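The structure appears below as structure tokens.
The values are calculated or read from the model by the stated rules, or taken from the named source; none is laboratory data. Predicted, not measured: the structure shown is a model, and the values here were computed from it. We place every Cβ from the backbone using ideal geometry, glycine too, and count neighbours over all the protein chains shown. Surface accessibility is based on the protein's heavy atoms, side chains included, excluding ligands, DNA and RNA. Shrake-Rupley method; radii C 1.70, N 1.55, O 1.52, S 1.80 Å.
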Amino acid sequence: MLGSALLLLASVGTGLAQSLTLDDLYLENAPTSPRPYVIPHYANSHAVTIGSQLYRFTVTGPSSDYAFTLMSTNSPSSSALGVLPHIHEKHYENFFSFKGRFQLWAQKDDDEQQARLLTQGDYGSVSRNTTHTFQILDPDTEMVGVIVPGGFEDLFYYLGTNYTSGTDTPYVPQDSNSSSSSSTPSASVMATLETFDVYAQTDFEPRYDVVNGTAPTDSTWHTGSNELGSPGDPYFVANGYGPKYLSSKYGYQVIQPLVTSKQAQDTNYTLSTISLSRQTKNSPPSYTLSGAAAFEVLEGVLSITIGDYPLATLNMGDVAFIPAGTEFTYYSTVAFTKVLYVSSGSDGVDARLIKGGKSWDFVTFPKY
């Protein structure tokens, strides 16, 4: 009798697992509590507009249990700064160039002000208590932001206007005859935003003596090795010029760390790009992490299974979120796939691959 009952429970459980579909996995908006999900590129996930900039939030504080926020900013070019120069006392902010160009300024205390022109694949790290601002330079620019801890999107909800689109256009086109306008709130408004961890630095003057995409000009930006910065300092990593590691256990993967546990310190996360070869040998490994994680596809096609959901196929710009304690596997079925990967905690997939791999000097993997 007991055996029959257990068999019945098992069959019910199997039926529940089999009832999960891709329609259940794919969402238009990040959920209000942690669960596996995928959000396609340009979906209107909690989208708001501030001036000409369109912000989407694919991972939010509530959806990640406040581990991190993952967001995108789409915008045309502008002659004005994108935001008033400011600092965060509690949040670590990361800027990644998905496409287009933008200029990023950062200054810590009385150190020399840093400026970089970011093109596709470039990265800027803005640690806490670092004055920073940016300017959008190309007419089709997309910045990806990773902010730790999660919940910083509340600032944009406060400042912005709710946005929906029937075509999922990257951003709303503007009349070419209209004057360029800044999305920057006034200093008086910024003074009311300290509850959102935004502290205006109205005396900050961005430098414009940029040469070959960098100021000061003695850096090796886009010309040589870009080391990860010291804890607490802002730093920049040009596309492919930072440290790299090769993992070859389950097909090739090239891991390019952008933030390790050393840089993150007590914000406790890692951020990397991972480039995958086509899966040709062995079965892809499964992972179950103690912290939340997310993938955003930068190039190629990523296949991923999360928990009991069916296999999902992610294309460029799509985001997959994996809650803490949820088993998942991922791999590439095309020759080259590159993803941006963020993980809460210090033992994410990127950290494990680096630990089991070897130092590598190239952005691609071997031919055999």
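Residues to consider are His88, His132; find the one that is touching a strand residue (DSSP E or B) at 6+ places or on another chain (Cβ under 7 Å) and touching a residue at least 24 places away in the same chain (Cβ under 8 Å).
Details: His88 fails: touching a strand residue (DSSP E or B) at 6+ places or on another chain (Cβ under 7 Å).
Result: His132 is the single residue among His88, His132 that is touching a strand residue (DSSP E or B) at 6+ places or on another chain (Cβ under 7 Å) and touching a residue at least 24 places away in the same chain (Cβ under 8 Å).
For every residue, the table says whether it meets (1) among the hydroxyl-bearing types (Ser, Thr, Tyr); (2) in contact with a Pro (Cβ under 7 Å, 6 or more places away or on another chain); (3) at pLDDT 95 or above.
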site: Ser125; (1), (2), (3): yes, yes, yes
site: Thr130; (1), (2), (3): yes, yes, yes
site: Thr133; (1), (2), (3): yes, yes, yes
site: Thr141; (1), (2), (3): yes, no, yes
site: Val146; (1), (2), (3): no, no, yes
site: Pro149; (1), (2), (3): no, no, yes
site: Phe156; (1), (2), (3): no, no, yes
site: Leu159; (1), (2), (3): no, yes, no
### Message
Given the criterion in contact with a Gly (Cβ under 8 Å, 6 or more places away or on another chain), over 19 Å from Phe98 (Cα atoms), buried (at least 18 other Cβ atoms within 10 Å of the Cβ) and not small (Gly, Ala, Ser), identify the matching residue among Pro243, Pro234.
### Response
Pro234
### Message
For region 47-76, which positions are in contact with a Lys or Arg (Cβ under 7 Å, 6 or more places away or on another chain) and not hydroxyl-bearing (Ser, Thr, Tyr)?
### Response
Ala47, Met71
### Task
Pull up region 315-346, narrow it to residues that are under 18 Å from the mean Cα position of the chain (by Cα) and charged (D, E, K, R), then point me to the one that is nearest to Leu258 (Cα to Cα).
Lys338
### Task
Say whether the condition of being within 25 Å of the chain's Cα centre (by Cα), open to solvent by less than 50 Å² (accessible area, probe 1.4 Å) and modelled with pLDDT of 95 or more is met by at least one residue in region 217-224.
yes
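Given the criterion touching a Leu at 6+ places or on another chain (Cβ under 6 Å) and open to solvent by less than 30 Å² (accessible area, probe 1.4 Å), identify the matching residue among Thr273, Thr267.
Thr273
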### Task
Please give the number of the condition Lys367 fails out of (1) at pLDDT 95 or above; (2) farther than 19 Å from Thr260 by Cβ.
(1)
### Message
Can you pull out every residue in region 353-368 that is part of a loop (DSSP other than H, G, I, E, B) and either of a type in the set (A, V, I, L, M, F, W, C) or out of contact with any strand residue (DSSP E or B) (no Cβ under 9 Å at 6 or more places or on another chain) (or both)?
### Response
Phe362, Val363, Phe365, Lys367, Tyr368
### Query
Going by the conditions given, is Asp65 within 17 Å of Tyr199 (Cα to Cα) and surrounded by fewer than 23 Cβ atoms within 10 Å (Cβ to Cβ)?
no
### Query
What's the number of the condition Leu117 fails, among (1) touching a Gly at 6+ places or on another chain (Cβ under 6 Å); (2) open to solvent by 70 Å² or more (accessible area, probe 1.4 Å)?
(2)
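Could you pull out the residue among Ala106, Ala80, Ala115 that is part of a loop (DSSP other than H, G, I, E, B) and of a type in the set (Gly, Ala, Ser)?
When all the criteria are applied, what remains is Ala80.
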### Query
Which one of these does Gly291 not meet: (1) open to solvent by less than 30 Å² (accessible area, probe 1.4 Å); (2) under 23 Å from Ser97 (Cβ atoms); (3) outside any strand (DSSP E or B)?
(2)
### Task
Please tell me if Val210 is hydrophobic (A, V, I, L, M, F, W, C) and either open to solvent by less than 30 Å² (accessible area, probe 1.4 Å) or at pLDDT below 95 (or both).
no
